[in-house]
Amino acid sequence: MNKRIGMYSAIVTLIGVVGFAVSMLLGSDAGGYLFSLFISWGFVPMICSFSAITTKENKASAYTAIAFSSVYAVLVGLVYFAQLTTIRLTKLNEQALAILNYKNLGSLFFNYDLFGYAFMALSTFFIAFSIEAKNKKDKCLKILLLVHGVFAVSCVVMPILGVFNGGTESGNTSGVIALEFWCAYFIPICILSYQYFKKKEKR
């Protein structure tokens, strides 16, 4: 059952990432927020599944990854659910929007979102140590997860340095390009994770 949950959650995460990428290309903010929720809903059980099937020696890093993934899901869940509900359906004044609107670069919720993805990156970094790399695909998955952990640094440092404050239209375009790059990077992680769990299921 643990391996099947891993397979299904990897698929859900993949659907979320692809849907998010397409939504950005189509300029659909609501679609992007919704699919971002799907990413978190798939990611947490995927991390838990890695933890469930890892060896006893790797449990500490796996449990750490679960904890970080949970923080990620809560932070981004609050941000995106607010965008789909309060921000989209309620008339708020400029002061409230300046704080709550994710589209305002450097806003509180924009920074919370980045902070959430820092925890996601930390989660992938620690879960990488639970991967039993016995072939090239497994090694590739492990490396991708480890390298993804580096994103945690930029997700924390850039908001603190005020990199996104006073964002412009060109800044928004650069942000979309960066997110599309992230999607292109994370899609192989989802696919390789699915294959990893499927291989374990056959044993």
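Annotations
- Within region 34-74, the residues that satisfy the criterion of being of a type in the set (Ser, Thr, Tyr) and touching a residue at least 24 places away in the same chain (Cβ under 8 Å) are Ser36, Ser40, Ser49, Ser51, Thr54, Thr55, Ser61, Thr64, Ser69, Ser70, Tyr72.
- Residue count for region 43-60 satisfying the condition of being β-branched (Val, Ile, Thr) and crowded, with 24+ Cβ neighbours inside 10 Å: 1.
- Screening Ser70 on (1) closer than 20 Å to Cys190 by Cα; (2) polar (S, T, N, Q); (3) over 17 Å from the mean Cα position of the chain (by Cα) shows it passes everything except condition (3).
- Looking across Gln83, Gln95, one residue alone is buried (at least 19 other Cβ atoms within 10 Å of the Cβ), assigned to a helix (DSSP H, G or I) and not small (Gly, Ala, Ser). It is Gln83.
- Within region 16-29, considering residues that are touching a helix residue (DSSP H, G or I) at 6+ places or on another chain (Cβ under 6 Å) and not hydroxyl-bearing (Ser, Thr, Tyr), the one farthest from Val44 (Cα to Cα): Met24
- Filter pass, Ser36 being at pLDDT 95 or above, hydroxyl-bearing (Ser, Thr, Tyr), under 12 Å from the mean Cα position of the chain (by Cα) and closer than 22 Å to Cys183 by Cβ: yes
- The number of residues in region 124-136 being exposed (fewer than 15 other Cβ atoms within 10 Å of the Cβ) and either touching a residue at least 24 places away in the same chain (Cβ under 8 Å) or not in a loop (DSSP other than H, G, I, E, B) (or both) comes to 2.
- With respect to the conditions (1) at pLDDT 95 or above; (2) more than 24 Å from Lys134 (Cα to Cα); (3) not charged (D, E, K, R), Gly27 lacks only one, and its number is (1).
- The single residue among Ile160, Ile127, Ile177 that is among the β-branched types (Val, Ile, Thr) and either touching an Asp or Glu at 6+ places or on another chain (Cβ under 9 Å) or within 21 Å of Ile53 (Cα to Cα) (or both) turns out to be Ile127.
- Criterion violated by Phe109 - all others in (1) farther than 14 Å from Tyr196 by Cα; (2) surrounded by fewer than 18 Cβ atoms within 10 Å (Cβ to Cβ) satisfied: (2)
- Members of region 11-42 that are surrounded by fewer than 16 Cβ atoms within 10 Å (Cβ to Cβ) and among the hydroxyl-bearing types (Ser, Thr, Tyr): Ser28
The values are calculated or read from the model by the stated rules, or taken from the named source; none is laboratory data. Note that the structure is a prediction, hence the values are computed from the model and not measured. Glycine also receives a Cβ, built like all others from the backbone with ideal geometry; neighbour counts cover every protein chain displayed.
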